[in-house]
Protein chains: 2
Amino acid sequence: MTGAIDIGGTKIAVGLVAPEGRVIICKSFSTHEEPSPTCAARRIAELLDRCRSELATPLDGIGIGCTGPVDPITGTVEDVDLLPGWNGFRLVDEMQHLLGVSAAMENDADAAALAEAQWGGGRGSTRFLYVTVGTGIGVSLLLDGIIYRGAGGAHPEAGHQTIDASGPVCYCGATGCWEVLASGPAMARWAIENTYKDDSLPLETSAREVCRLARSGHPVAKLAIAREAHYLGVGIANLIGMFCPDCLVLGGGLMEESELFLDEACRVASSRCKLVPFGAVRIGKAALGSEAPLLGAARVWQMRQEGITKAMSCS
Amino acid sequence: MTGAIDIGGTKIAVGLVAPEGRVIICKSFSTHEEPSPTCAARRIAELLDRCRSELATPLDGIGIGCTGPVDPITGTVEDVDLLPGWNGFRLVDEMQHLLGVSAAMENDADAAALAEAQWGGGRGSTRFLYVTVGTGIGVSLLLDGIIYRGAGGAHPEAGHQTIDASGPVCYCGATGCWEVLASGPAMARWAIENTYKDDSLPLETSAREVCRLARSGHPVAKLAIAREAHYLGVGIANLIGMFCPDCLVLGGGLMEESELFLDEACRVASSRCKLVPFGAVRIGKAALGSEAPLLGAARVWQMRQEGITKAMSCS
């Protein structure tokens, strides 16, 4: 049994995952309930220990998926916007110390990609792109099942590729990033800013609400959906042109409404990918749903073990 | 000694390259002088044979860099715009047959990248991007010295990434590609379209001429240079954000004028790369100059041999 930890800005979930990719038991608490990462780590250890007792099963190791940026090599949380006070916290060392088994960590996008590649929509892919579209846009690339890392182990930020340099400013400092044009909040913001008089939308309107309005025929909400499809498609086209993957899977909150815009996004992407084998790319929705974070976390540890075993058998 | 062949739409060059990366002898002819690829292949073989006789040296093998798309696995030229009549020609088989030694082929951008990585600005890089800016924009990615290939061996087309979806239409069918905004012809076209009355530029004005005019203070030419720097920088930022390379080298015809715009392009790129380690990227100009195509071609064969030797020693 693999211990799995998913650390987000809102919630921390822990659970046990069976080798064939099933979450057997799961417990969670609100991230802000604990005043420090040390306290959170202790709470995590207690919950995992309780899971193990309830199932009367040994723990082989611990995998962690954490909202980034994190350093997967040293197992350290870096300057994460959503985790104030955690910068520099050696979470992997701490979990190993508290639970007495080995641990490994990746950022949550890479973790979810590993799970989709093993048990979901990315099975059999050798050039696999996993895209999360929700509050932000995150992208993970797996080459022959291994997470692609840049110089010094850096995680690329393809969600912040510029796709419309004449577009709005993103928090990252650039203009017209994919994220500032095609994330859930981007869609909601555009709808709010482009309604007035009789059809005006309240400032707190969410992307989900825009989707509901579009279904009921609201004209500006429908335009917001069309704009989402366009920009999602442009970004997908760039990813396909840059990496020529054989499979691209989309997950994240906004994908729950994907029947409103995914077909059109694929049509846009196809029309912009005439120089690369677009037809060779299997494009689909993430298959693992709400279990993805814990399955991904477990897969992080399993992959690390497989790597160690392989390295030992070669030496 | 490695036989090297560089096949372009205008010129075909052949030569011999010493193991340490020096072109020892070189001969060339105009591509259109030969009516068919079979005739061209015979002429290439004759010239290579003459080189070998003149130097009284044996030929170890033959490397080919060819304007793409080509299939590097089967050694076949594909539907290359600049090489009408060559589609489906098995150039590698033909050269092996004519000269009695092994041969290997890659597209010319990948070949030049291999040479820069071995003997030029990319030495020591493990995440190496090579960008050619000239008539078009080509990009090659080497991971640990190996050419990155997409699904089915496809060569990605990062020169056609959309960076300004609101921009002009490219021949590839998309709008606002990097190439249609930042190649040499794109710069010249913009200058021509934006001059009028007293400072009007003739329709055939080249990018080089625009650079000359900018140096002499022509106001629209200077704006064209500023626009070039901006869009070059946006595309570089996307590449760095997507791949987190440790080294990015720029070559191609327009780079001969790079002192006019490269510093500003890097400044633009830096300002748009706040989420990835921009400081870890060594950015520079290609070092091999006019010898790059033949050196690259030679390196294609050398790499293939090294791969075969390595595979044999492991089995």
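The values are calculated or read from the model by the stated rules, or taken from the named source; none is laboratory data. Remember, predicted model here, so these are calculated numbers, not experimental data. FYI the Cβ positions are ideal-geometry reconstructions off the backbone, even for glycines, and counts take in every protein chain you see. SASA here: full protein model, heavy atoms, side chains in, ligands and nucleic acids out. Shrake-Rupley method; radii C 1.70, N 1.55, O 1.52, S 1.80 Å.
For B:Ser183, the criteria (1) in contact with a strand residue (DSSP E or B) (Cβ under 9 Å, 6 or more places away or on another chain); (2) on the phi > 0 side of the Ramachandran plot hold in every case but one, which is (2). Hey, any hits in region B:198-213 for a residue that's within 19 Å of the chain's Cα centre (by Cα) and assigned to a helix (DSSP H, G or I)? Within region B:198-213 (the criterion being within 19 Å of the chain's Cα centre (by Cα) and assigned to a helix (DSSP H, G or I)), the answer is yes, since at least one residue qualifies.
Could you look through region B:291-315, keep only residues that are among the aliphatic types (A, V, I, L, M) and open to solvent by 30 Å² or more (accessible area, probe 1.4 Å), and pick out the one that is modelled with the highest pLDDT? Applying the filter and picking the extreme gives B:Met303. Within region B:148-158, the set of residues being in contact (Cβ under 8 Å) with a residue 24 or more places away in the chain and either open to solvent by less than 10 Å² (accessible area, probe 1.4 Å) or more than 13 Å from chain A (Cβ to nearest Cβ) (or both) comprises B:Ala158 only. Being touching a residue at least 24 places away in the same chain (Cβ under 8 Å), buried (at least 19 other Cβ atoms within 10 Å of the Cβ) and part of a helix (DSSP H, G or I) is the requirement here; does B:Val220 meet it? Yes, satisfied. Just the residues that are buried (at least 19 other Cβ atoms within 10 Å of the Cβ) and at the interface with chain B (Cβ under 10 Å from one of its Cβ atoms), please, taken from region A:279-290. If the condition is that a residue be buried (at least 19 other Cβ atoms within 10 Å of the Cβ) and at the interface with chain B (Cβ under 10 Å from one of its Cβ atoms), then A:Val281 is the only one that fits. Restricting to region B:125-147, give me the number of residues that are open to solvent by 20 Å² or more (accessible area, probe 1.4 Å), hydroxyl-bearing (Ser, Thr, Tyr) and under 11 Å from B:Asp110 (Cα atoms). Number satisfying all stated conditions: 1.
What about A:Arg189, is it in contact (Cβ under 8 Å) with a residue 24 or more places away in the chain, more than 11 Å from chain B (Cβ to nearest Cβ), open to solvent by 40 Å² or more (accessible area, probe 1.4 Å) and out of contact with any helix residue (DSSP H, G or I) (no Cβ under 7 Å at 6 or more places or on another chain)? No.
Taking the conditions exactly as written (open to solvent by 10 Å² or more (accessible area, probe 1.4 Å) and more than 9 Å from chain B (Cβ to nearest Cβ)), does A:Trp119 satisfy them or not? Here the answer is yes, as A:Trp119 does meet what is asked.
Which ones in region A:59-73 are among the hydrophobic types (A, V, I, L, M, F, W, C) and under 22 Å from B:Pro277 (Cβ atoms)?
Once the filter is applied, which keeps residues that are among the hydrophobic types (A, V, I, L, M, F, W, C) and under 22 Å from B:Pro277 (Cβ atoms), region A:59-73 yields A:Cys66, A:Val70, A:Ile73.
Annotation: A:Thr162 fulfils all but one of (1) open to solvent by less than 10 Å² (accessible area, probe 1.4 Å); (2) facing chain B (nearest Cβ under 8 Å); (3) within 14 Å of the chain's Cα centre (by Cα); the unmet one is (3).
In this structure, A:Ile240 does satisfy being assigned to a helix (DSSP H, G or I), within 13 Å of another protein chain (Cβ to nearest Cβ) and modelled with pLDDT of 95 or more. Just so you know, in region B:252-261 the residues that are open to solvent by 40 Å² or more (accessible area, probe 1.4 Å) and either farther than 21 Å from B:Ala113 by Cβ or part of a loop (DSSP other than H, G, I, E, B) (or both) include one that is farthest from the other protein chains (Cβ to nearest Cβ), and it is B:Glu259. If only residues of region A:267-278 that are at pLDDT 95 or above and surrounded by fewer than 17 Cβ atoms within 10 Å (Cβ to Cβ) are counted, the one that is farthest from the other protein chains (Cβ to nearest Cβ) is A:Arg267. Taken over region B:272-290, the criterion of being out of contact with any helix residue (DSSP H, G or I) (no Cβ under 8 Å at 6 or more places or on another chain) and part of a helix (DSSP H, G or I) is satisfied by B:Gly279, B:Gly289, B:Ser290.
Determine whether B:Arg123 is without any contact (Cβ under 8 Å) to a residue 60 or more places away in the chain, among the basic types (Lys, Arg) and in a loop (DSSP other than H, G, I, E, B). It is true that B:Arg123 is without any contact (Cβ under 8 Å) to a residue 60 or more places away in the chain, among the basic types (Lys, Arg) and in a loop (DSSP other than H, G, I, E, B).
For the residues B:Glu264, B:Glu228, the requirement of being open to solvent by 30 Å² or more (accessible area, probe 1.4 Å), at pLDDT 95 or above and more than 10 Å from every other protein chain (Cβ to nearest Cβ) singles out B:Glu264. Sub-7 Å Cβ pairs linking a first residue in region A:22-50 that is in contact (Cβ under 8 Å) with a residue 12 or more places away in the chain and outside any helix (DSSP H, G or I) to a second residue that is of a type in the set (Lys, Arg) and crowded, with 17+ Cβ neighbours inside 10 Å, at least 6 apart or interchain, number zero. For region B:31-40, indicate whether the set of residues that are at pLDDT 95 or above and within 18 Å of B:Asp108 (Cα to Cα) is non-empty. Looking for residues that are at pLDDT 95 or above and within 18 Å of B:Asp108 (Cα to Cα), one finds at least one in region B:31-40, hence yes.
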